[in-house]
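First the structure, in the form of structure tokens, and then the observations on it.
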Amino acid sequence: MRLAVAGATGTVGRHVARAAAERGHTVVPLGRSTGQDVIAGTGLEHPLVGADAVVDVTSIVTLSARSSRRFFETATRNLLRAERAAGVGHHVALSIVGIDAIDASYYAGKLAQERAVVVGGVPWTILRATQFHEFAEQMLTRASFGRRVLIPRTRTRPVAAREVAAALVTAAEAGPSGRVGDLVGPREEDLAALVRRLLTFDGDPRRVLDLPLPGTYGRGLRSGEITRGQNATVATTTFEQWLQSEDHVRLVPASRD
Ligand SMILES: NC(=O)c1ccc[n+]([C@@H]2O[C@H](COP(=O)([O-])OP(=O)(O)OC[C@H]3O[C@@H](n4cnc5c(N)ncnc54)[C@H](OP(=O)(O)O)[C@@H]3O)[C@@H](O)[C@H]2O)c1
């Protein structure tokens, strides 16, 4: 199979590209470093000629509902336009578990993306997953202020990006299937506790402040909704196993050994 991966340089996209190649597929990475911009809509059509499926794992870092909607609607529209022009028969999108009632902040864009995929004219599959184990790492780079890390109070059920990627490649292989069962991690956890365990593991002295965010988004994060998968498959890699794996990128040199 010829599989295009939009966002192949990203946290989960790297694993999608590797897993697809390991299964013998030809991987076509789509990203700004290879000349494709899903927001400008440039450079997309030519690499999609002959592709059997596109896996979209692009993303934006934002807490603004407006920016998030604009990003995911535009990226999806541009990708689907190029897919239709190139004759691609399957679009696979990755979304997030339990966001239906949290039409706010980043999640507003994910709901808009799902709607755009459904009406976009290319046969589709949508897989929803919970937050990645790697989300704790992402929070460290995105929410650190000096020696403090501000973590929104969040119930989560984290899953290894590697397992999400494997499920996306399986979905691409299966052909268009609509909304498939969700993928959730093995244990429910507090995000702040995960970040503290990660800092301890890395020997990183930063301190975590666990803050309840206001509004629909903050309530949604605390509610546990985003841990409740529908028809869910439970992934197996625990946060501790992931910490000790090659997939965890240590952000500071360890001082323990
Ligand atoms: N992180 C989580 O915990 C989590 C959980 C569930 C679902 N998801 C979903 O998984 C998807 C990927 O998330 P992630 O955390 O892996 O993202 P990420 O690490 O931030 O990677 C984002 C990717 O998007 C690409 N990208 C951004 N703007 C682009 C543009 N204008 N044109 C082309 N490519 C662009 C980036 O490529 P370049 O910068 O190289 O161009 C990068 O490869 C998202 O849809 C997210 O909602 C994430």
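Here's the yes/no breakdown for (1) over 17 Å from Thr170 (Cβ atoms); (2) out of contact with any Ser or Thr (no Cβ under 8 Å at 6 or more places or on another chain):
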| residue | (1), (2) |
| --- | --- |
| Ala19 | no, yes |
| Arg32 | yes, yes |
| Gly50 | yes, yes |
| Ala65 | yes, no |
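Scanning the stretch 83-103 for residues that are of a type in the set (A, V, I, L, M, F, W, C), farther than 28 Å from Val49 by Cα and either open to solvent by 20 Å² or more (accessible area, probe 1.4 Å) or near the ligand (Cβ under 8 Å from one of its atoms) (or both) yields a count of 3. Just the residues that are more than 11 Å from the ligand (Cβ to nearest atom) and charged (D, E, K, R), please, taken from the stretch 112-156. Matches in the stretch 112-156: Arg115, Arg147, Arg148, Arg153, Arg155.
Every residue, every condition in (1) open to solvent by 60 Å² or more (accessible area, probe 1.4 Å); (2) farther than 14 Å from Gly185 by Cβ; (3) of a type in the set (Gly, Ala, Ser), yes or no:
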| residue | (1), (2), (3) |
| --- | --- |
| Leu209 | no, yes, no |
| Tyr217 | no, yes, no |
| Ser223 | no, yes, yes |
| Arg228 | yes, no, no |
| Thr238 | no, no, no |
| Leu243 | no, no, no |
| Leu251 | yes, yes, no |
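Does the stretch 163-175 include one or more residues that are surrounded by fewer than 19 Cβ atoms within 10 Å (Cβ to Cβ), assigned to a loop (DSSP other than H, G, I, E, B) and not charged (D, E, K, R)? Scanning the stretch 163-175, I find at least one residue that is surrounded by fewer than 19 Cβ atoms within 10 Å (Cβ to Cβ), assigned to a loop (DSSP other than H, G, I, E, B) and not charged (D, E, K, R), so the answer is yes. Only residues that are hydrophobic (A, V, I, L, M, F, W, C) and either within 6 Å of the ligand (Cβ to nearest atom) or open to solvent by 40 Å² or more (accessible area, probe 1.4 Å) (or both) were counted in the stretch 10-26, giving 2.
For the stretch 112-128, give me each residue that is small (Gly, Ala, Ser) and open to solvent by less than 20 Å² (accessible area, probe 1.4 Å). First the steps, then the outcome.
Taking the stretch 112-128 and keeping what is small (Gly, Ala, Ser), we get 112, 116, 120-121.
Scanning the stretch 112-128 gives Ala112, Gly120.
Condition check for Glu137 on (1) in a strand (DSSP E or B); (2) open to solvent by 10 Å² or more (accessible area, probe 1.4 Å); (3) closer than 25 Å to Arg18 by Cα: one failure, at (1).
The condition of being over 19 Å from the mean Cα position of the chain (by Cα), on the phi > 0 side of the Ramachandran plot, surrounded by fewer than 24 Cβ atoms within 10 Å (Cβ to Cβ) and within 11 Å of the ligand (Cβ to nearest atom) holds for only one of Gly43, Gly7, that being Gly43. Taken over the stretch 176-190, the criterion of being open to solvent by 20 Å² or more (accessible area, probe 1.4 Å), part of a loop (DSSP other than H, G, I, E, B) and more than 29 Å from Thr26 (Cβ to Cβ) is satisfied by Pro186, Arg187, Glu188.
The values are calculated or read from the model by the stated rules, or taken from the named source; none is laboratory data. Quick caveat, the model's predicted, so the values are computed rather than measured. Note that each Cβ is placed from the backbone with ideal geometry, even for glycine, and that neighbours are counted across all protein chains shown. In case anyone asks, the SASA skips ligands and DNA or RNA and just uses the protein heavy atoms, side chains included. Shrake-Rupley method; radii C 1.70, N 1.55, O 1.52, S 1.80 Å.
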